Amino acid sequence: MVASAQPAMEPPGPQRVPRRQATEAEARALASTLRLRILRLCLDDELTNKEIAHRLGRNPGSVLHHVRRLVDTGFLAALPERQGSRGSREIPYRATRKSWELTGPEERLPGLPSPPQVMLQTFLEELAEAGGEMGNASRLALTLSAEHFEEFTERIGGILDEFAARPPDPDGTRWSVFFAMHEDRRGEHTS
């Protein structure tokens with residue numbers, strides 16, 4: 001009797017981190033490119049409102065409104081007060097990474113842009129601020145069944161989750177990653 005060779009099974013790719021749907025307050029807090037940029041600035045650094053405003057080239061008073069909104073919704077954590085350079089009291093803030101645990105609301109909230117639109121605009125602002133130079137870019141056209149579309153997005157998402165969970169490399173270079181997909185309507189004319 002000859003044993004037939006079984007096809008080798010590929011190991012499953014990285015698994016997605018479970019997410020919950022954002023509340024309306026959370027979705028509204030994340031519907032701002034400025035607030036997403038504040039979260040990015042405070043991801044690895046503890047920054048005061050004044051430092052955040054300086055890095056963004058904004059007025060500290062208007063930035064404070066956004067910082068408070070992010071604190072109220074749990075996206076920023078206020079850290080213990082410290083003494084500033086001239087003896088003033090300062091409160092540093094740090095991003096909680098809570099936004100990575102959420103999905104957008106099932107239905108688009110009235111008067112707000114979609115979460116992917118806000119993320120794209122934020123990425124483009126940050127890219128422009130970085131001089132417009134991308135470290136890497138890829139573009140790909142695919143034709144996928146619903147099952148393969150789900151597999152593709154789960155595997156890509158799993159890789160993003162895996163790297164998001166790693167602590168920052170102390171001697172590493174900071175990178176910003178944006179992943180997007182849209183239905184390809186090449187050649188279709190809409191009325």
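The values are calculated or read from the model by the stated rules, or taken from the named source; none is laboratory data. Small disclaimer: the values here were computed from a predicted structure and weren't measured. Cβ atoms come from the backbone with ideal geometry, glycine included; neighbour counts cover every protein chain shown.
What to note about this one:
- Odd one out for residue 168 among (1) without any contact (Cβ under 8 Å) to a residue 60 or more places away in the chain; (2) closer than 19 Å to residue 45 by Cα: (1)
- Scanning region 108-160 for residues that are under 24 Å from residue 39 (Cα atoms), among the hydrophobic types (A, V, I, L, M, F, W, C) and outside any helix (DSSP H, G or I) yields a total of 5.
- Applying the condition of being in contact with a Gly (Cβ under 7 Å, 6 or more places away or on another chain) and farther than 21 Å from residue 182 by Cα to region 72-130 and asking which residue is surrounded by the fewest Cβ atoms within 10 Å (Cβ to Cβ) yields 90.
- Residue in region 126-135 that is touching a residue at least 12 places away in the same chain (Cβ under 8 Å) and in contact with a helix residue (DSSP H, G or I) (Cβ under 9 Å, 6 or more places away or on another chain) present: yes
Rundown of residues vs (1) buried (at least 19 other Cβ atoms within 10 Å of the Cβ); (2) modelled with pLDDT of 95 or more; (3) assigned to a strand (DSSP E or B); (4) among the hydroxyl-bearing types (Ser, Thr, Tyr), yes/no style:
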position	(1), (2), (3), (4)
15	no, no, no, no
36	yes, yes, no, no
39	yes, yes, no, no
54	no, yes, no, no
61	no, no, no, no
64	no, yes, no, no
69	no, yes, no, no
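- Which listed residue is among the β-branched types (Val, Ile, Thr) and modelled with pLDDT under 90, from 103, 96: 103
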